[in-house]
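The values are calculated or read from the model by the stated rules, or taken from the named source; none is laboratory data. The shown structure was predicted, so the numbers you read here are calculated from the model rather than taken from an experiment. Positions of Cβ are generated from backbone atoms using ideal geometry, with glycine treated the same way; all protein chains shown enter the neighbour counts.
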Amino acid sequence: MEHLEIKKVISDWVQSVQERNIEGILANHSDNIVLYDVPVPFQSIGIEAYRKTWEQSFFNGTASGIYEILDLTIESGSEVAFCFGTFKCSWNNKGTFEDLRFRLTIGLRKINNVWTILHEHHSIPSE
């Protein structure tokens, strides 16, 4: 049951990213979310800083509608969980949109009986 609840949180979040629905993206995130991201800023702490990464960086640097789960593993206990996998978006590389595969790790905790995202780590391989 835990995995199904967590998968729904992640699936709803992905759909919100595809739709560029900022309120949906922020849903189920802790006010104290910590994000390590690929573009600047390297680290964002708090829900307002997290919001800014989407509005200032991601929405301006990606093609709308392209954000997909390629694979996802969920490991959970009754109160804490983490997910890891690979995702795909379409990144603007010097004026041309190109598929970008990236890694994503998400940490969650069940707060007031709701799975809440406390941590996200987006990364790409260094070249």
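A few remarks follow.
Condition check ((1) more than 18 Å from residue 10 (Cβ to Cβ); (2) part of a strand (DSSP E or B); (3) polar (S, T, N, Q); (4) modelled with pLDDT under 95) across all residues:
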site	(1), (2), (3), (4)
67	no, yes, no, yes
71	no, yes, no, no
81	no, yes, no, no
102	no, yes, no, yes
105	no, yes, yes, no
115	no, yes, no, no
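- Condition met for residue 55 (at pLDDT 95 or above and either β-branched (Val, Ile, Thr) or loosely packed, with under 14 Cβ neighbours inside 10 Å (or both)): no
- With respect to being more than 19 Å from residue 123 (Cβ to Cβ), of a type in the set (A, V, I, L, M, F, W, C) and part of a strand (DSSP E or B), residue 97 fits the description.
- Scanning segment 1-44 for residues that are charged (D, E, K, R), over 13 Å from the mean Cα position of the chain (by Cα) and more than 18 Å from residue 118 (Cβ to Cβ) turns up 19, 23.
- Residue 89 fulfils the conditions (1) over 18 Å from residue 18 (Cα atoms); (2) assigned to a strand (DSSP E or B) except for a single criterion, (1).
- Residues that are within 11 Å of residue 63 (Cβ to Cβ) and not aromatic (Phe, Trp, Tyr) were ranked within segment 94-108; the one that is surrounded by the fewest Cβ atoms within 10 Å (Cβ to Cβ) is 96.
- Candidate set from segment 1-33 (those that are surrounded by 14 or more Cβ atoms within 10 Å (Cβ to Cβ) and small (Gly, Ala, Ser)); member that is nearest to residue 67 (Cα to Cα): 16
- Condition met for residue 9 (in contact (Cβ under 8 Å) with a residue 24 or more places away in the chain, of a type in the set (A, V, I, L, M, F, W, C) and outside any helix (DSSP H, G or I)): no
- Filter result for residue 86 (of a type outside the set (Gly, Ala, Ser) and within 18 Å of residue 28 (Cβ to Cβ)): no
- Among the residues of segment 20-73, those identified as touching a residue at least 24 places away in the same chain (Cβ under 8 Å) and acidic (Asp, Glu) are 37, 55, 68.
- Test result for residue 48, assigned to a helix (DSSP H, G or I), modelled with pLDDT of 85 or more and surrounded by fewer than 14 Cβ atoms within 10 Å (Cβ to Cβ): yes
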